[in-house]
Every structure is written in structure tokens, then in C-alpha cells.
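Novice: Take a look at this one; I'll ask things after.
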Amino acid sequence: MNPKLRQAFHFTDLGSNKPTRDGDPYEYMCGFGGQFQSEIIPGTLPIAQNTPQVCRFNLYTECLTASAFAAPREANLSTWMYRCRPSCAQDGEVLIESRAKIEGCFLATNPRVKMTSAQLEWAPFEIDSKPTDFIDGLRTIGGNGDSNLRDGLALHIYAINNSMDHRAFLNADGDCLFVAQLGNLDIQTELGKLYLQPGELAVIPRGIKYVLNPAQGTTEARGYIIEVFGSRWELPNLGPIGGHGLANARDFLIPVAFIDEDLHQTWTIVTKINGQYFANTQDHSPFDVAAWHGNCVPYKYDMTKFVSISSVSVDHTDPSIYTILTAKSRDPNTSLVDFLWFGPHWDVAMNTFRPPYFHRNAASEFLANIWSKDVGGRSDNFKPGGGSYEAGHVAHGSSGGPYLTEMKKEVNQPRVLYEGNVTFILPRCVQNVDKTPQQGP
């Protein structure tokens, strides 16, 4: 990663004339929530219809839907793909062995789920010394609900040091938000390629096949995955903020069509259903989509582009103003989960105690640090690559030295918070399944 990025207050400090960081080898389209289209050879996409009798270059039409057929237009998601072979051209199911530790059911009836009201903390998650690709390197930390009921979420980490060798992954359970923390990632999806660096996030919708590998020059990689069942990631409403701010739609990047050079090789497609792996083999590459159009697409976002909003008079503003993405729940007044950013920003207020006030929130919280100039947290274990958890309605706050020092500071001096830091927080990750956390105070 460019060292300047860790020191930058905002992406604009880099003086870049392109929407990506240095080192990103791919081209992208810009936008969020719209209709996109891409084709390798101009004229491949059919005009004014989706399923012609014969597609150009004798391609096969295949549609991926991510919503009910009769869903309202604003909620209707699908993508049409024009590929060399249809996905149904597969052999029978085969068994695979995996060292992954994943879970898809977080109901109280599941004996593998451990409920807790404690404050928990994890040191940086270890990367196995054995060759470990993405399929083997998944581990579930917590979640709620059930993937089979299409209601809830799961929090995973990935810790990998090896590429997926002719293995592709298909998640049939939920939409996944990836947060890169250590090492660069090269992600190939059916709709094109994404290059992900620490401090960036990517979303891959349910049902899209992909390969996630350490990028060239990266020996090991680690990060977080927030998987939502029966919901999808959206931009939050801005309300009184107006039409701009927080994460702007134009800063989200969509891949362009890409097709493998050698399509005639044997591949294994590993599908996750209800938190379990299933596998099929096929005699051709799954990355054979020559053209596509639709609104069910993968995308990425650089968190250093976030346009933060805060108080400039008095009082500590609630952390919801730092929401990048949100996913709805069945309760119209409560989200399933929010993805919040904490990074460099000015803190300007007067006559106000500025740290988070003592609180007992309805939402539980998972907090993780992506990179940090001054490592700090509940204990010395809270470092980039780990995490901390607090259950809902459990008392949050501190009675230590920093709080006492803060009360004696000059209250009207502006200052920069989180300088050299990028952290994220997940409200509403409410149950824990990991059996070896480091417990905090």
C-alpha cells in the first residue's frame, strides 16, 4: 500500500486524477444502485431484448435474480449474462474437505452457538502456517438469525496465504461485505475483476461466483466479512443532511466484463448453503461471461473517500452519522446491521465532553481496526486484525485515565480525531460463536 495513504486525512490528499489508488490494475464503472452494462466486444449485448433466439457469437443467455419477480421496481434486482457455457453444464456433486469453521444458524436451539453478555476482545486473528485458500480460511465469529430463514447476519473473518486453484466460490446464503485489513486481494467475479486493498470494502451479492486470492506480491491476507441473509446493502438516507455527504454514490466502483483466456480447464464450484459446503465439478471456466447488464452487481468502495459530518457546536453526535452502508430488517424502524466508518476527521465543539458518553445501547457492537498509527483499545490485545464485542444494553464506556484526562482539557480547541487510523463498527451483531475470545474488563 502507498505509505502516503496511511498518513492522508482524506483520499483527496493523494492528488490522484483517477478514482482508484496506485497499484490497482483494473478499470471500473462508477455509481451505486443503478443499471450497468459491460461487454468485451462491442455489439455483444442484444438490443431491445434479453433472450434472442441466437445470441451473437452463439453465447448462452443466463439470468441471475436477487429478488422476487414481482418485487417493486426499486427492489427488483437481476443481471443478464451472456456466456460461453451455461452454469448448469456441471457434473454431479463431489465431496471436499475443508478446515473452514463456518456457521449459518444462530438460533438458541443450535448447540454450537454460545450466547454471551460479556465484553469480549480478540487479538489479531492468526493465519495458518499451512497453505490456506479462501475456502479453507473462513471462520465465523458471530451472528444472529438463520440463513435458511433468510433473516439475520453472520460475521466472519478470512485469513489466507494461498490462491484458490481452479476452485470458485458461490455463496447461496447472503450478500457479503468484505473489508480488507492485511494484504491486497485480487477478486475475480463472473462480472469482472476487483482489486481490494486495506481500507477498502467490496460487496458481492448472493449467487455470484468468484475467486478471492492474495494479489501478486502479497503472501498473506486477512480481513472481515459481514454476510446478510434476506436483505441487501444500501446507502443510508441522508435526511436533513441533504443530497450529498457520507459515502457518495459516484465513489462506488463496478467491474467491467472479463473472460478467462483458457476456458477449457476443470474447475470445482464450491457452494455455501445454510452454512455448509457443497461442490460440483465442470470441464470449463466459470468466468466465461462475455457481456452482461443489470443491477445485481459486485462493487467496491474506498473508505478514505468518506465525507464525514459532525457537530460544530455542542454535544457528541451519535455514531450513525458515520454510516457507509446499511441493511434493512423486517422492522421498518430498525436496520439489520449498519457498517460505520471511523477515520480522520476534525472534532470541533465547545462546552462539551467529546468522547462517547456513557451509554447502554439497544444495539450490540463489533469494533475492528484496519490500520492504526497509535494502537489503542480496551487492552493491549486490541490491534489491527482483531476485534472487540459488546452486547446490547450492556454498559459501554470507560472510567480509566483517558476519560479523566478529557474532563480537564480545554474544551473549545478544535482537534483531529483518528489521525492515521481507519476503524469500523457493526451495530447489531448480537450472538457469539467463537469459543476462544480474549475477554475484556
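Novice: Hey, what's the Cα Rg ratio for the range 184-276 versus the globular rule of thumb, 2.2 N^0.38 Å?
Specialist: Normalised Cα radius of gyration, the range 184-276: 1.32.
Novice: Considering only protein heavy atoms and a probe of 1.4 Å, how much of the accessible area of the chain is carbon and sulfur, as a whole percent?
Specialist: Of the solvent-accessible surface of the chain, carbon and sulfur hold 51 percent.
Novice: Here's another thing I want to ask about it. Choose one answer from Gly275, Gly142, Gly397: the residue with the largest mean-square fluctuation in a GNM of the chain with alpha-carbon springs under 10 Å.
Specialist: Gly397
Novice: Let me know the shape class of the range 6-84, please: from the alpha-carbon gyration tensor, a ≥ b ≥ c as square roots of the eigenvalues, rounded when a/c is under 1.5, otherwise prolate if a/b is greater than b/c, or oblate.
Specialist: oblate
Novice: In addition: Of Lys373/Lys409; Lys209/Lys272; Lys101/Lys272, which ones are farther than 19 Å apart at the Cα?
Specialist: Lys373/Lys409
Novice: Continuing with the same structure: Would you mind working out the accessible area per residue for the chain, using a 1.4 Å probe, and quoting it in Å²?
Specialist: 47 Å²
Novice: Report, in deg cm²/dmol and to the nearest 500, the calculated mean residue ellipticity at 222 nm for the chain, where each DSSP H run with n ≥ 4 adds -39500 (n - 2.57) and the sum is divided by the residue count.
Specialist: Result for the chain, helices only: -500 deg cm²/dmol.
Novice: Another question about this same structure. Name the chymotrypsin sites (Phe, Trp or Tyr not before Pro) in the range 1-57 that are in a loop by DSSP and that have at most 15 other C-beta atoms within 10 Å, would you?
Specialist: Phe9
Novice: First check a/c for the range 87-174, with a ≥ b ≥ c the square roots of the eigenvalues of its C-alpha gyration tensor; if it is under 1.5, answer rounded, and if not, answer prolate when a/b is larger than b/c or oblate otherwise.
Specialist: Oblate, because a/c is 1.5 or more while a/b does not exceed b/c.
Novice: Shifting gears a bit: Let me see the pair-distance distribution of the chain: every alpha carbon pair, 20 Å bin width, integer percents in order.
Specialist: Going out from 0 Å in 20 Å bins, the chain shows 24, 58, 17, 1 percent.
Novice: Of the listed peptides 358-364, 333-339, what is their order by residue-averaged count of other C-beta atoms within 10 Å, with the highest listed first?
Specialist: So the order, starting with the most tightly packed, is 333-339, 358-364.
Novice: Compute a Gaussian network model of the chain, connecting alpha carbons closer than 10 Å, and tell me which residue from Gly192, Gly243, Gly230 fluctuates the most.
Specialist: For the chain, modelled as a Gaussian network with Cα springs under 10 Å, the answer is Gly243.
The values are calculated or read from the model by the stated rules, or taken from the named source; none is laboratory data. Keep in mind that what you see is a predicted model, and the values were worked out from it rather than measured. Quick reminder, even Gly has a Cβ in these numbers, built from the backbone with ideal geometry, and neighbours come from all protein chains shown. Heads up: the accessible areas ignore ligands, DNA and RNA and are worked out on the full protein's heavy atoms, side chains in. Shrake-Rupley method; radii C 1.70, N 1.55, O 1.52, S 1.80 Å.
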